[in-house]
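Q: Dumping the structure here so I can ask a few things about it.
The values are calculated or read from the model by the stated rules, or taken from the named source; none is laboratory data. Since this is a predicted model, take the numbers as computed values, not measurements. Here the Cβ positions follow ideal geometry from the backbone for every residue, glycine too, while neighbour counts run over all protein chains shown.
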Amino acid sequence: MQTIVNFIIPLAVLIFFIIVFTKFRKKTPGAASSPYSSGGNSSSDSGDTQLPKLAEMMGLTFEDARIPTNDKMLMNSGSRLKGIYRGVNVDIIMGGYAKEAEFTPLTATYSYEYKITKEFNFEVSNPQNKSFEVILKNKNIVSQSTGISSFDSLFSFLGDLRIPDEYLEYFGTMGWMNLKLSGNVLKFTDSFFEDTMATKGTMIAIGAINPVWKCSARSFNIDYDNVISFVNKLVDLIEVLNIKKQQ
Amino acid sequence: MTPETVIEKVQNNKPENGWAIFKYNLKYAISRILFRGLLFCVVLVMAAAFSVSALKTHQTSFILFTLVSVLFILVSVLSIVIVIWELFYSKKSMIVLTNEGVVKNFKNSLEYFPFDCITNLNATNQYSDSTPAITRRRDQYIDFRDKRTGKSINLVKNRIFGNPEPIFNILKSRITGDSFVSVRNDFYNN
């Protein structure tokens, strides 16, 4: 009995206080800063005015696509550019949120969750269900050589629908791409920041110039002409592949 | 194609175009064995030294400390045995993201999850406290829910199949609809 009093009870009390201290100590300031909050989807002042302007230039409608917010929300942004562009149904979604997690593990001091969506969707007609994917070269993915050296040195080409060499060369000169045709959607995913962060580190990613927006996460000033030129290139590709959906 | 055929094709070095293959990470296994072995040795030596000195003075403390030490050593040995058990099946252990689904073979247990049965995909990062999320990442888990059974499945825990991030990114791009839910960051004290 004496042993329990002398040893086990103080130990239990100590563990209890450690858990209490761990749970309720001051929340980390670092937790509130999502690594992606300064990305191309940011709801910064410049982003708030630039994306509507881009929509106007492309003849698309702009929608505020933020999810319903609450007091647990740390970051919430959402822009949607929709409409018909050169006869193709285009849906550009740039947004994301970060919020305090509903559940925090017992020993963790703080938890938050986030989701970022940055994609350009083009509705196509693909009755044969052909597919292709252009992604950054990854040693884990089995892919075939396309014969275009500037492309093969950077990317993996997957799928059964070969795209013309001209486009492979174009992607090669861009230096980065994440494009996929699956079902009736051609989807460009803007994972440039995340890909650069994974391969070159965060500091380089923050300052790296996105080849589509022609700006970095640090300074989000869109080069409208470049974005429109890129969208035009993808619409050209849809036409060349003969998968344009009749509107 | 059956999951068994997928594993067989990878083992025979005949994977199909588009497959993403993540083999069992031997380096990580060895590092786990070495770390746990080292911890085991340190605790063993400390326990032995303390026991000898405590025996002369407090018999109750000696018994308690010995019990705790034995328990700790047993847990350490068990954790090492688990990794060694993994190593026995290491040649066949892998995750393959085919064009249709996920094949996971781990500890001689083969599972297959078609992409359209995967929902609530979630990655959990664990960070040291007081550091920005972009700097120091400790571990990462990848979980999802199997629509067929409703069960939560842990696909990856830490670096057992190498860096989990590429697995998550490729899986996220291959699953259909809005099955990707979120990334979660948990912060812990060092």
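Q: Would you check if there is a residue in region A:151-162 being at the interface with chain B (Cβ under 8 Å from one of its Cβ atoms) and either touching a Ser or Thr at 6+ places or on another chain (Cβ under 6 Å) or at pLDDT 90 or above (or both)?
A: yes
Q: A further question on this structure: Here are some residues: A:G95, A:G47, A:G40. Which one is closer than 25 Å to B:D186 by Cα and at pLDDT below 80?
A: Within the list A:G95, A:G47, A:G40, the selection yields A:G40.
Condition check ((1) closer than 15 Å to A:G172 by Cα; (2) within 12 Å of chain B (Cβ to nearest Cβ)) across all residues:
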| site | (1), (2) |
| --- | --- |
| A:A101 | no, yes |
| A:T117 | no, yes |
| A:N126 | no, no |
| A:E133 | yes, yes |
| A:N140 | no, yes |
| A:Q144 | no, yes |
| A:S149 | yes, no |
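Q: Identify all residues within region B:121-144 that are part of a strand (DSSP E or B), touching a Phe, Trp or Tyr at 6+ places or on another chain (Cβ under 7 Å) and either modelled with pLDDT under 70 or not assigned by TED's automatic domain parsing to the domain that holds B:I160 (or both); write none if there are none.
A: Scanning region B:121-144 gives B:S128, B:R137, B:R138.
Q: Out of all the residues in region A:105-128, which are assigned to a loop (DSSP other than H, G, I, E, B) and without any contact (Cβ under 8 Å) to a residue 60 or more places away in the chain?
A: Residues satisfying the conditions are A:P105, A:P127, A:Q128.
Q: Next up: Any residue in region A:45-70 that is surrounded by fewer than 14 Cβ atoms within 10 Å (Cβ to Cβ) sitting within a Cβ distance under 7 Å of a residue that is modelled with pLDDT of 85 or more and part of a helix (DSSP H, G or I)? List the pairs, counting only those 6 or more apart or interchain.
A: Short answer, once both residue conditions are applied: A:M57/A:Y224; A:M57/A:I228; A:T61/A:A55.
Q: Step by step: first the residues of region A:82-102, then only those that are closer than 16 Å to A:K245 by Cα and among the small types (G, A, S), then the one that is nearest to the chain's Cα centre (by Cα). Which residue is that?
A: Only one residue fits best here, namely A:G83.
Q: For region B:52-69, check the following and say yes or no: at least one residue is more than 18 Å from B:F161 (Cβ to Cβ), touching a residue at least 40 places away in the same chain (Cβ under 8 Å) and either more than 14 Å from chain A (Cβ to nearest Cβ) or out of contact with any helix residue (DSSP H, G or I) (no Cβ under 6 Å at 6 or more places or on another chain) (or both).
A: Checking region B:52-69: not a single residue is more than 18 Å from B:F161 (Cβ to Cβ), touching a residue at least 40 places away in the same chain (Cβ under 8 Å) and either more than 14 Å from chain A (Cβ to nearest Cβ) or out of contact with any helix residue (DSSP H, G or I) (no Cβ under 6 Å at 6 or more places or on another chain) (or both).
Q: Please state which of the following conditions B:Q11 fails to meet, knowing it meets all the rest: (1) assigned by TED's automatic domain parsing to the domain that holds B:N108; (2) surrounded by fewer than 12 Cβ atoms within 10 Å (Cβ to Cβ).
A: (2)
Q: Quick check on this structure: which one of A:N226, A:N221, A:N178 is out of contact with any Gly (no Cβ under 8 Å at 6 or more places or on another chain), in contact (Cβ under 8 Å) with a residue 12 or more places away in the chain, closer than 25 Å to A:M58 by Cα and within 14 Å of chain B (Cβ to nearest Cβ)?
A: A:N178
Q: Next question. Does region A:112-123 contain at least one residue that is at pLDDT 90 or above, farther than 30 Å from A:I84 by Cβ and crowded, with 18+ Cβ neighbours inside 10 Å?
A: Keep residues of region A:112-123 that are at pLDDT 90 or above, which gives A:118-123.
Checking which are farther than 30 Å from A:I84 by Cβ leaves us with none.
So far as region A:112-123 goes, no, none of its residues is at pLDDT 90 or above, farther than 30 Å from A:I84 by Cβ and crowded, with 18+ Cβ neighbours inside 10 Å.
Q: Among the candidates B:L97, B:L67, B:L87, B:L74, single out the residue that is surrounded by fewer than 16 Cβ atoms within 10 Å (Cβ to Cβ) and either closer than 30 Å to B:G18 by Cβ or under 18 Å from the mean Cα position of the chain (by Cα) (or both).
A: Sole residue among the options that is surrounded by fewer than 16 Cβ atoms within 10 Å (Cβ to Cβ) and either closer than 30 Å to B:G18 by Cβ or under 18 Å from the mean Cα position of the chain (by Cα) (or both): B:L87.
Q: A further question on this structure: What are the pairs, 6+ residues apart or on separate chains, where a residue within region A:192-206 that is facing another protein chain (nearest Cβ under 8 Å) has its Cβ under 7 Å from a residue that is of a type in the set (D, E)?
A: A:A198/B:E165
Q: Considering each residue of region A:153-176, count those that are of a type outside the set (D, E, K, R) and farther than 17 Å from B:I170 by Cα, and give that number.
A: 12
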